[in-house]
1. Against the conditions (1) at pLDDT below 95; (2) surrounded by fewer than 17 Cβ atoms within 10 Å (Cβ to Cβ); (3) touching a helix residue (DSSP H, G or I) at 6+ places or on another chain (Cβ under 9 Å); (4) in a helix (DSSP H, G or I), where does residue 68 fall short? Just the number, please.
2. Got a sec? Which of 26, 8 is modelled with pLDDT under 95, assigned to a helix (DSSP H, G or I) and on the phi < 0 side of the Ramachandran plot?
3. For region 36-60, name all the residues that are surrounded by fewer than 17 Cβ atoms within 10 Å (Cβ to Cβ) and assigned to a helix (DSSP H, G or I).
């Protein structure tokens, strides 16, 4: 795990899990806004927001589920 954190370029709370930043993962997998936010909040919850970040992830996941169900 690198120790060259930067609050803008490499925030510590995004570099704890193998050094892969959520933005890179989201972009490389062409995830949409809601799915990308689920990934972002899940990855950082232990280091930054705790349960609040899990609740935010659930909020976006619920919207994503609603969107998928309405497309049927």
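The values are calculated or read from the model by the stated rules, or taken from the named source; none is laboratory data. Everything quoted here is computed from the prediction, not taken from an experiment. We place every Cβ from the backbone using ideal geometry, glycine too, and count neighbours over all the protein chains shown.
1. The one condition residue 68 does not meet is (3).
2. Working: 8 fails: assigned to a helix (DSSP H, G or I).
That would be 26, the only listed residue that is modelled with pLDDT under 95, assigned to a helix (DSSP H, G or I) and on the phi < 0 side of the Ramachandran plot.
3. If the condition is that a residue be surrounded by fewer than 17 Cβ atoms within 10 Å (Cβ to Cβ) and assigned to a helix (DSSP H, G or I), then 51, 52, 54, 55, 58, 59 are the ones that fit.
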